[in-house]
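All remarks here apply to the structure that follows.
The values are calculated or read from the model by the stated rules, or taken from the named source; none is laboratory data. All figures in this text were calculated on a predicted structure; none of them were measured in a lab. Neighbour counts run over all protein chains shown; Cβ positions are idealised from the backbone, glycine included. With ligands, DNA and RNA removed, areas are computed over all heavy atoms of the protein, side chains included. Shrake-Rupley method; radii C 1.70, N 1.55, O 1.52, S 1.80 Å.
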Amino acid sequence: MFELKNKLEDLKLSGQDTLVYLHWTPEQWLDTDFYDLMELQTAKKPKDREVDPEQMLRGLGLM
């Protein structure tokens with residue numbers, strides 16, 4: 001579940017980067033509508049996302 005959620009977030013983040021750094025309009029990036037644009041603006045970078053609890057426990061050596 002977390003992997004799929006992160007892949008979707010990566011797609012949103014790439015759209016956000018395209019809009020900001022390449023100065024593309026929403027129409028140029030998949031002909032987005034207002035709500036899609038808002039999702040792109042709120043995309044989280046990988047370090048700011050939720051962590052899979054199982055992966056976190058393994059990282060701490062508790063599993």
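Filter region 30-63 for residues that are hydrophobic (A, V, I, L, M, F, W, C) and assigned to a helix (DSSP H, G or I); which is most open to solvent (accessible area, probe 1.4 Å)? My answer is 34. Within region 43-57, residues that are in contact (Cβ under 8 Å) with a residue 40 or more places away in the chain sit with their Cβ atoms under 6 Å from residues that are open to solvent by less than 70 Å² (accessible area, probe 1.4 Å) and part of a helix (DSSP H, G or I), at 6+ positions apart or across chains, in these pairs: 52/2. Of the residues in region 18-29, at least one is aromatic (Phe, Trp, Tyr) and surrounded by fewer than 12 Cβ atoms within 10 Å (Cβ to Cβ). Considering each residue of region 2-25 in turn, none proves to be in a loop (DSSP other than H, G, I, E, B) and either among the acidic types (Asp, Glu) or in contact (Cβ under 8 Å) with a residue 60 or more places away in the chain (or both). If you go through region 3-17 and keep only what is open to solvent by 80 Å² or more (accessible area, probe 1.4 Å) and among the aliphatic types (A, V, I, L, M), you end up with 4, 8, 11.
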